[in-house]
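Peer 1: Pasting a structure below so you can have a look.
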Amino acid sequence: MYFNFKKTTFLMKKIFLFLLFIYASNMVSQSAYRSPLDIPLILSANFGELRPNHFHSGIDLKTQGVINKPVYSIADGYISRISVSPSGYGLAIYIDHPNGQTSVYGHLEKFAPKIAEYVKDKQYEYKTYAIDLALDASVFPLKKGDLFAYSGNTGSSGGPHVHFEIRNTENQLALDALEYYKTEIKDGTPPQVKGIALYPIEDKGAVNNNNKPYHKMIGNVQYQKKGVKVSSDSIFAWGRIGIGIYAIDRMTGTNNIYGVRYVRLFCNNKQIFSSDISSIDFDKTRMINSLTDFDYWRRKNVFFMKSFIEPGNKLSVYVADNNGYIDISEERVYQMKYELEDLYGNSTTYTFDVYGKKQNIESSECMQRMNWNRDNTYSGNMFSLSIPQGALYNDFCLNVKRTLSPNYLSAIYQITDNYIPLDKNCEMTLKMTKDSLVHKTQYGVVRIRNGKESWLGGKYNNGAMTVRVKELGDSYTVSYDSQAPVITPILPAKWFAQGAIKIKISDNKSGVASYRGTIDGSFAVFEHDVKSPFYIYRFDAKRLKKGEKHILRFVATDYCGNESSYEYSFSY
């Protein structure tokens, strides 16, 4: 076969130049993003921060402590999704861009007038305040710099800011939006080490003659040289262990605490583990509970990050030898070193020694082992538990402690001594010791943690309650709720002057499950935010006739089906 070297080389050059053009065009379109705000960009939270049960999937932009800052489209595109929710992102806008990326803006206070009118029409059409709308490109096309909303504090927000994301449109993978704004947001401050932890692996390791995790908070550390911190504490270990670190990042000019982008662990100058939280898959975000020390977080509200990979952990943020585990098999010094780095290259190195010392490795006695790679069940006379395959990140030993109580409708069941995270729901069934209520929907399972009750609900079946949970480690029992929510009108005489109807709902136990407001028998949109007990209807001249009397009816139902209503006649 004849091979034309010159022709082939020319063709390869053309292909290379074409690919380079596509890559460069894509990078130009990405780097050409404008700011979503016309104020200096300062972060209150960065990408990948450790949060309860999830990674932070965007960057939070400060809005100078106030709401109603204009929010602009960062590039040409169209609004592909509008979401209104009492929790989560609150009021949110999703914009698809021609380069295959989607920008997301959450916790907004209000939409631009045409968008707001469109959303309200849909709320009345579907008779609901909470709504999630998918739109095509023809409805709201946008140009770069178009104003489409105003910043706020809606949903699960702890203060005024804009939650901002950049995602791959095709798979909705969240990317670190800070990478596109590094020139606008400066940072010269390195991460900080706050603590280290050692984890003896069950039946295989020991630390300081113990089979329990060892946590050491770092106070006054010694500085060996700039950027290098050294621990002087003695740690003795034997067998297989895992290492963990409690670390934070800072940024120049703010007092906020941020997550650490890169974590690298070395043993005797050999890298054995690294993590890079540069993208987030929403389907796997709950696996943060395997990356972190879930039990310690539940007890102390502190996130230690594990530098080893449990068998059920499917996160793709790691590179590791031996899954990050260290085998201490010689009586010598094992030199450990952490390197922490942020997106700007600011770094901190922390070193400490682990002394290999032979010690007793306790063998655990376990009557009921729950295995991470299969379905697991436990069945007792009064309590049963079912954990599906794929729910556990690691094996654990189940123990159930039963305590009788005259204050509840079943015994109290303490499930395991440690907090165990689950990636899927498991089912537990509690048989009741008392069953006298006519309305069985008024029964519910409650969780007891630190002496406080939380209503979980569940389903009644033949003298037992079944409930689904996504973690273990608390106490559970059966209670009831027979009281309806309380509806309180707030200064109805001033509704007309204020241009809005304001209602307060409170519930003593199971919580408000649903509400509905009508005026003259027709559905009325009452706004609600999870942080507030108030429900607000804003007078709407388009749907409410002026100069007439109207009848308001408001109904609230709790999770046990207890219902209350309120009626009021008013003039508008």
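Throughout, read-outs are computed from the coordinates displayed, never taken from laboratory work. Predicted model only: the values in this text are computed from it and were never measured. Note that each Cβ is placed from the backbone with ideal geometry, even for glycine, and that neighbours are counted across all protein chains shown.
Peer 1: So which of LYS434/LYS509; LYS306/LYS470; LYS204/LYS358; LYS182/LYS314 end up more than 23 Å apart, counting from Cα to Cα? Before the final figure, lay out each step's value.
Peer 2: Working: LYS434/LYS509 19 Å; LYS306/LYS470 21 Å; LYS204/LYS358 12 Å; LYS182/LYS314 30 Å.
Cα-Cα > 23 Å for LYS182/LYS314; rest within.
Peer 1: With a sphere of radius 11 Å drawn around the Cβ of ILE490, what net charge do the other residues whose Cβ falls strictly inside it have (Lys, Arg +1; Asp, Glu -1)? Could the numbers behind the result be given before it?
Peer 2: Working: positive: LYS494, LYS502, LYS504; negative: none.
With Lys, Arg at +1 and Asp, Glu at -1, the neighbours total +3.
Peer 1: Further question on the same structure: Ranked by Cβ crowding within 10 angstrom, fewest neighbours first, how are VAL354, VAL400 ordered?
Peer 2: Starting with the residue having the fewest Cβ neighbours, the order is VAL400, VAL354.
Peer 1: Share of antiparallel DSSP beta bridges in the chain, in percent to the nearest 5?
Peer 2: Numbers: 159 of 164 bridges.
Around 95 percent antiparallel, to the nearest 5.
Peer 1: Taking H as built 1.01 Å from N, whose amide H comes closer than 5 Å to the amide H of ALA247, not counting residues under 5 places away?
Peer 2: LYS194, MET305
Peer 1: Where Lys and Arg each count +1 and Asp and Glu each count -1, what net charge lies around LEU133 among other residues with Cβ under 15 Å from its Cβ?
Peer 2: Details: positive: ARG81, LYS114, LYS120, LYS122, LYS127; negative: ASP96, GLU117, ASP121, GLU125, ASP132, ASP136.
Every neighbour counted, the sum reads -1.
Peer 1: Quantify how much of the Cα-Cα distance distribution of the chain extends past 39 Å, in percent. Display every interim value, and only then the final one.
Peer 2: Numbers: 71716 of 163306 pairs.
Across the chain, Cα pairs with separations above 39 Å total 44 percent.
Peer 1: With charges only on Cβ, +1 for K and R and -1 for D and E, what is the dipole size of the chain about its Cα centre, in debye, rounded to 20?
Peer 2: Numbers: 69 positive and 57 negative charges, 112 e Å.
For the chain, the charge dipole is close to 540 debye.
Peer 1: Starting at the first residue of the range 107-117, write each ³J(HN,Hα) from the Karplus equation 6.51 cos²θ - 1.76 cosθ + 1.60 with θ = phi - 60°, in whole Hz, x for Gly and Pro.
Peer 2: 6, 6, 8, 7, 9, 4, x, 5, 5, 4, 5
Peer 1: Taking the alpha carbon gyration tensor of the range 314-408, what are the square roots of 5 times its eigenvalues, largest first, to the nearest whole Å? Don't skip to the end; give the middle numbers.
Peer 2: Working: eigenvalues 304, 93, 50 Å².
Result for the range 314-408: semi-axes of 39, 22, 16 Å.
Peer 1: For SER479, SER379, which order do you get if you count the other beta carbons within 10 Å of each Cβ and list the fewest first?
Peer 2: On the way: SER479 20, SER379 9.
By the 10 Å Cβ count, ascending: SER379, SER479.
Peer 1: At a 10 Å Cβ-Cβ cut-off, how would you order ILE551, ILE309, ILE487, fewest neighbours first? Before the final figure, lay out each step's value.
Peer 2: Working: ILE551 12, ILE309 22, ILE487 17.
Ascending number of Cβ neighbours within 10 Å: ILE551, ILE487, ILE309.
Peer 1: If you don't mind, there's one more thing I want to ask. Tally Lys/Arg at +1 and Asp/Glu at -1 over every other residue whose Cβ is under 10 Å from the Cβ of ALA197; what's the total?
Peer 2: Values: positive: LYS216, LYS306; negative: ASP293.
It works out to a net charge of +1.
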